[in-house]
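Data first, discussion second: the structure below is written as structure tokens.
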Amino acid sequence: MYKLNKFEDSYSIQRLSDGASIPQAEGNRDYQQFLQDVKVNGLTIVEGADVIEPDYVALRTGVDGYAPTGEQLGMIADGTQEAHVADVKTRFPKTIIGGTTIADVPAWVQTEADKAVLQETI
Amino acid sequence: MPYVGRAPSAVPVTADDIPANSIDASKIVDGSIELAEIADNSITDAKLNSSKLDGIETGATNYTHPTTHATADIADNAITEAKIADAAVVSLKSGRKNLIINGGFDVWQRGTSQTGGGYQSVDRMKFSSGMQSVSKGSDLANGFANVLEVTLSETTGWVYPTLYIIEGGTMLPNKTYTFSYYGKASQNITGMHGHFYTNVGQITTGISASFTTSWVKYSYTFTMPSTYNGTFSIYLLNHNTTGTGGITFSIANMQMEEGSVATDFEHRSYGEELALCQRYYQSSFKTGNVPGVSTDVLDAIHVVSWGDGNCMGFPFQGGMRASPTVVLRAQGSTTVGQVSSSGTARTASALNTGDKQVSFLQVISGTANTYNRFTWTADAEL
């Protein structure tokens, strides 16, 4: 069994039997074995990458959330801080509880597996 | 009237007293004729045996070179390099003649023994069916630095237990190569085979060997097919097992070289051999510590995580053959797929792995802006 990990547009393939990280690289024999395993067993042996959805706490404290403390002190002086807090809470309500979902296995896995040549191993 | 001899006389005998052709060779005492007593040009070429002419000017009429000379007949430094044909120089090769990496079995980065198949012990050697165990041998005869011992379970049927793969581009088409190694077994074994495989199939069939209980050097010479282009696989110890069980095979000084003669084994330093092996496998583990077994703190590296809890990767020691498969373990742990993030083991994987580095580690639920400690292995074997 394999698990995909994704960063931006690149993937790493985790072999669940030993936790190894297999790169998506032609010259890597474990990657070739991965493609052969998919060719023989189908996509059921591959789990898509995790898609982590942040909860409202993470969003409110993230880069699009509350302004830094210094900035908010300035807002207090200006009388705009309450409006800023309200705006953030509106954009990221408590109903956003976040969670992790699993993405579909991308099409390239089957495409590359179809190209793989079954090889004998000793 | 026949000659009856000179009448007695006090006068000494002269040439005139000796009739023509009356003295044959048997009447001449060896060494009795001095060189000065032989008249100039009195001995013709027809009277000379050519085998007696060593040292006589070679331009002389009717002179023929002897077919061979004894070594003792050749003066010191008399034969210059220009007089030796290139093709005749078969045992005076320069360095880097051995195309097999770790042919002396010096480097064992993954461990000094294994009981399963695959690459798990001695570098660059892959083991498979019929293999029971692999270990370092102790019979260091013939100046061997190390010996590889393979014990086979010896159930019935053919086994192909040992494989070495030479990377593509190392050997060339149409060239002649010679493969050699020393071998012995714990009992006499007949009918063993070694097989050479390429992209164009098997090169030579029936490269046989019959191991005895004493070390014997085996060698095989072959010419690479003109269409060869790819890796070159060497299978050793193939044989039809008889079910007798537990036979141990020993191999030492494995060498593949260009040419038709198996020359002496090329010894390289441990550092050189290790660097060559690291193109295919390397790790953060201290020398002698076994990945998956050792919990030595000196095996791990420390890197700092970013605001998102992921952390920076690490460079390899020299470029690897291809982007390798990476196994991570938290410092002091043998559990795979983890790093120690601020002291807590977290699931982690290597991302954006090239042949010179792992760009970064994805750490699930990693702590931001703190230390991450982990060991790593990188495998780009063929």
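All of the numbers you see were taken from the coordinates with simple rules; none came from a lab. Everything numeric in this text was worked out from a predicted model, so none of it was measured. Because the Cβ atoms are built from the backbone with ideal geometry, glycine has one as well, and the counts that use them run over all protein chains shown.
Using only the alpha-carbon atoms, how far is helix A:69-78 inclined from the longest principal axis of chain A? Give it as 0 to 90 degrees, nearest 10. With rounding to tens, the tilt is 30 degrees. If R0 is taken as 60 Å, the Cβ-Cβ distance between B:N188 and A:E8 corresponds to a FRET efficiency of 0.45. Overall dimensions of the protein assembly as shown, expressed as equivalent-ellipsoid semi-axes from the Cα gyration tensor (√(5λ), whole Å, largest first), are 82, 26, 20. Between B:P19, B:P315, B:P173, the Gaussian network model of chain B with springs among Cα atoms under 10 angstrom shows the greatest mean-square fluctuation at B:P19. Pairs of Cα atoms in the range B:253-357 fall into 5 Å distance bins, from 0 up to the last occupied one, in shares of 2, 10, 17, 19, 18, 12, 7, 6, 4, 3, 2, 1, 0 percent. Straight Cα distances below 16 angstrom link B:K136 to the aspartates and glutamates B:D106, B:D123, B:E149, with same-chain residues fewer than 8 positions distant left out. Expressed to the nearest 5 percent, the antiparallel share of DSSP beta bridges inside chain A is 90 percent.
Taking 0.36 nm per residue of separation and subtracting the Cα-Cα distance, full extension of the segment from B:I84 to B:K97 would add 2.6 nm.
Per-residue mean of foreign Cβ neighbours for A:9-15 is 4 (Cβ atoms of other chains, 10 Å radius).
Comparing mean-square fluctuations of B:N98, B:N21, B:N77 from a GNM of chain B with C-alpha springs under 10 Å, the top value falls on B:N21.
The ellipsoid equivalent to the alpha-carbon distribution of chain B has semi-axes of 75, 24, 18 angstrom, derived from the gyration tensor eigenvalues as √(5λ) and listed largest first. Extending 7 Å from Cα along the Cβ direction at B:E167 and again at B:I43 yields two label points whose distance is 6.8 nm. Straight Cα distances below 19 angstrom link A:K94 to the aspartates and glutamates A:E53, A:D55, A:D64, A:E82, with same-chain residues fewer than 8 positions distant left out.
Between B:S365 and A:Q33, what is the spin-label point distance in nm, taking each point 7 Å from the Cα along the Cα→C-beta axis? Here the answer is 2.9 nm between the modelled labels. Note on B:I33 and B:T115: their simple-model spin labels are 8.9 nm apart, each label 7 Å out from Cα toward Cβ.
Two numbers describe the Cα atoms of the range B:143-290: Rg and Dmax, which are 16.4, 44 Å.
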